[in-house]
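Some notes on the structure that comes next.
The values are calculated or read from the model by the stated rules, or taken from the named source; none is laboratory data. As the structure is a prediction and not an experimental result, all values here were calculated from the model. Positions of Cβ are backbone-derived with ideal geometry, glycine not excepted, and every protein chain shown enters the neighbour counts.
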Amino acid sequence: MVWLGINPPPARAQDLVALVVAPSASTRLEAQRMMKGCRWVDTTVVRDADLVLVVVRSSGMEPMAPSYDSLKWLRDAANSQMNDSGAQFHVYLYTIRQDLSFLQSSHQSYDAGAIAALIPPTTPPPSPSPSGALFPCD
């Protein structure tokens, strides 16, 4: 398809590039499952990313802040969570602002219980939200 407009067409969910912040083995596994399910591509360069996917484990209701001024602060906050021993997975999507600060656009949480041990990485996690969404890209 040839695009003749001034702005390119909006990206489809599977065309998105995500920078992943997942500080532990279980959160990295969960992030990989979501990236595969959403058909997103990952990057380590914030300027190349369309969004930031953060997966942490915690027993708190809102372990991450609604915004961060830098990637370092966002990563520090993620690293300070319980992660492998937290009772719930928390999945955050952050938009990247022009000044490379981050603003939360989505947060879902669900019980970590037996997910990491019993479900292979190619299987989607159980529904994390009342709407029935399986992945943050739905």
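Strands (runs of 3 or more DSSP E) fully within region 26-138 that include at least 1 residues being surrounded by fewer than 20 Cβ atoms within 10 Å (Cβ to Cβ), modelled with pLDDT under 90 and not charged (D, E, K, R): none found.
Pairs are defined by a Cβ separation below 7 Å, a sequence spacing of at least 6 or placement on different chains, a first member in region 73-96 that is among the charged types (D, E, K, R), and a second member that is assigned to a helix (DSSP H, G or I) and modelled with pLDDT of 90 or more; the pairs so defined are Asp84/Ala25; Asp84/Ser26.
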